[in-house]
Amino acid sequence: RCCPLSPTGAQTTQLLVQPPWTPAVLWDRVTLTCQGSGTAAATTWYKDGQRWWKGSNSFTVGDSGTYTCYRPGTGPSPAVRVLDDSLVLQVPTLTLLEGDTVTLRCRV
């Protein structure tokens, strides 16, 4: 396993999650940050597939749902789902390969 297929030098929009655990849950006070080309004010946010908000490149999530962001120069980000569950098994948001050691969190 190596790299995603994309044109050489192509940039993509990224959606960073803090704290860096998957799945993201509301009671972790999740902050989403959109990274891509252009100014932060050009960021458009989508929640559950619907245009939701335009403005800042970062915010703290207040409602569960599936979030994406869009930056004019680099397009849409991958989706991030934020849950409102009371029992969650979480893994780090790193790319894992077979044989890697990983820390799991079981949270109630």
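The values are calculated or read from the model by the stated rules, or taken from the named source; none is laboratory data. Keep in mind that this is a model prediction, so the values were computed, not measured. In this analysis, Cβ positions are derived from the backbone assuming ideal geometry, glycine residues included, and neighbour counts consider all displayed protein chains. The protein model used for the area step is the full one, side chains on, heavy atoms only, and it has no ligands, DNA or RNA in it. Shrake-Rupley method; radii C 1.70, N 1.55, O 1.52, S 1.80 Å.
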For residue 22, which sequence-distant residues (separation of 5 or more, or a different chain) have an amide H within less than 5 Å of its own amide H, given hydrogens modelled in the peptide plane?
-> 91, 93
Of the candidates 38, 80, 20, the farthest towards the positive dipole end of the chain (Lys/Arg Cβ +1, Asp/Glu Cβ -1, centred on the Cα centre) is 38
Separation between the residue 107 and residue 26 pseudo-spin-labels, each 7 Å from Cα along Cα→Cβ, expressed in nm?
-> 1.4 nm
State the label only: which of (i) 1.26; (ii) 1.00; (iii) 1.34 corresponds to Rg/Rh (Cα atoms, Kirkwood Rh) computed from the shown model?
-> (ii)
Sorted by packing (mean other beta-carbon atoms within 10 Å per residue), highest first, where do 67-74, 100-107, 45-52 land?
-> 67-74, 45-52, 100-107
Could you run the Karplus curve 6.51 cos²θ - 1.76 cosθ + 1.60 with θ = phi - 60° over segment 28-40 and give me ³J(HN,Hα) per residue in whole Hz, x for Gly and Pro?
-> 8, 6, 6, 10, 9, 10, 9, 10, x, 6, x, 8, 4
Which whole-number percent is the relative contact order of the chain (Cα, under 8 Å, 6+ apart)?
-> 27 percent
In whole angstrom, note down how far apart the Cα centers of segment 12-36 and segment 38-108 are.
-> 4 Å
Could you do me a favour and compute the accessible area per residue for the chain, 1.4 Å probe, result in Å²?
-> 65 Å²
Once phi is turned into θ = phi - 60°, what whole-Hz ³J(HN,Hα) does the Karplus curve with 6.51, -1.76 and 1.60 give for every residue of segment 83-89, x standing for Gly and Pro?
-> 9, 10, 8, 8, 10, 9, 9
With r defined as the distance between the Cβ atoms of residue 85 and residue 52 and R0 fixed at 22 Å, what FRET efficiency is calculated, to the nearest 0.05?
-> 0.55
